[in-house]
Amino acid sequence: MAREITFFDASAGAVVTLKAGTKLTDMNITQMRMSRVVAGAFIDSKNSETRVISSINSEIKESAISNIHSLADNFMNSSKGVTQNDIDAIGNTTEELIDELASKKDILINIADIKMYDDYTYHHSLSVAIMAIAIGLEMGYDRHKLDELGIAGLLHDIGKVSVPIEIINKKGRLTEEEYTIVRLHPVYAAEHLKARKLVSDDCCAGIIGHHERWDGSGYPMHLKGEQIHEYARILAVADVYDALTSNRPYRVPAPPNEAIEFIMGGMYTHFDENVVKAFLRKVAPFPTGSRVKLSNGETACVIKNNTDQPLRPLVVSDSGMEYDLGDAKKNTNIVITGLCDEETARLIHG
């Protein structure tokens, strides 16, 4: 493998780390498939001249998770609560995330690169923060706004630690009473932080509004359009994308391209058009190196993404034919119909 990959092996009940340079075995691949690592691993190709670029290094991710976990513990401790030290640690993490992403503005975010699979609640918050910062950078946010947005992303779901775990992980349909409890999690978080004056009002507005919808159908206040704070509009897109591509007790993860199509379909109803357009310029629906099925019956490898048309990358078929799916004059009749089933557990980079 060209890069280290960490995932949760449900059958063994343990986190598995495969180091860079590891030779993949059938057992490794089976473990990843069973653990729903749908976007896969990066495989070193002797013919590759493409450098593998990671969006966020593992040390920053691990530090972020530790800080979120510590803050969550204090959030649940009514005698202590979240402290300024907790917020300072989250702020430092945000600064590191911004520096990482700002230094790599030209790369697209690959969901496999920001996910860790052993604890959804905390890693979801990290993934949302990374995606939100990437969107904020694309929208031209200054450092101050990126700081606030990143902190809001890391803390947006902290209120869920107040929701009973059996509700969070319930496989069946929630009752109306259970759904009411879940819908209060943004309120729990924002009120706790605001009462202690630990983050800005804008940051709190982003947290409390991340489940509001453009058409007013969201919660908790049924805001609509520009009534919804701009941070909340960004977090809404990042939150849904990560949720759809994550393995949950009640749902298998969707491939990145299907999650992106869902978000595109939600413009004007669920999501702010400008946010979605910025998101589309920063996410990779078919990460470079992934193997895909084409509507002409061929299988191919993704060589390069078209930022203006994220669902129509440049690909090379197994027969050696190059197709720029973004070229409307030549290839308008060819579309990607899905990932190759036998290859969803790995990405051949280059």
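Is there a residue being assigned to a helix (DSSP H, G or I), in contact with a Gly (Cβ under 9 Å, 6 or more places away or on another chain), among the aliphatic types (A, V, I, L, M) and buried (at least 23 other Cβ atoms within 10 Å of the Cβ) anywhere in segment 189-203? Yes: one or more hits. Within segment 179-201, residues that are basic (K, R) sit with their Cβ atoms under 8 Å from residues that are part of a helix (DSSP H, G or I) and surrounded by 15 or more Cβ atoms within 10 Å (Cβ to Cβ), at 6+ positions apart or across chains, in these pairs: K194/C204. Here R173 clears all of (1) closer than 25 Å to E230 by Cβ; (2) of a type in the set (K, R); (3) surrounded by fewer than 19 Cβ atoms within 10 Å (Cβ to Cβ) except the condition numbered (1). The residue that is most open to solvent (accessible area, probe 1.4 Å), counting only those in segment 285-305 that are in a loop (DSSP other than H, G, I, E, B) and in contact with a Pro (Cβ under 7 Å, 6 or more places away or on another chain), is N305. Is it the case that K194 is charged (D, E, K, R), more than 19 Å from A278 (Cα to Cα) and modelled with pLDDT under 95? Criteria met by K194. The set of residues in segment 215-253 that are closer than 25 Å to L193 by Cα, assigned to a loop (DSSP other than H, G, I, E, B), in contact (Cβ under 8 Å) with a residue 24 or more places away in the chain and open to solvent by 10 Å² or more (accessible area, probe 1.4 Å) comprises Y219, P220, H229.
When restricted to residues that are out of contact with any Ser or Thr (no Cβ under 9 Å at 6 or more places or on another chain) and open to solvent by 10 Å² or more (accessible area, probe 1.4 Å), segment 262-284 contains 9.
Taking helices (runs of 4 or more DSSP H) as the structural unit, those lying wholly within segment 43-114 and holding at least 2 residues that are open to solvent by 20 Å² or more (accessible area, probe 1.4 Å) and modelled with pLDDT of 75 or more correspond to 58-76, 84-102.
The values are calculated or read from the model by the stated rules, or taken from the named source; none is laboratory data. None of the values given here were measured: they were computed from a predicted structure. Heads up, the Cβs are rebuilt from the backbone with ideal geometry, glycines too, and the neighbour counts pull from every protein chain shown. Only protein heavy atoms, including side chains, enter the accessible area calculation; ligands, DNA and RNA are left aside. Shrake-Rupley method; radii C 1.70, N 1.55, O 1.52, S 1.80 Å.
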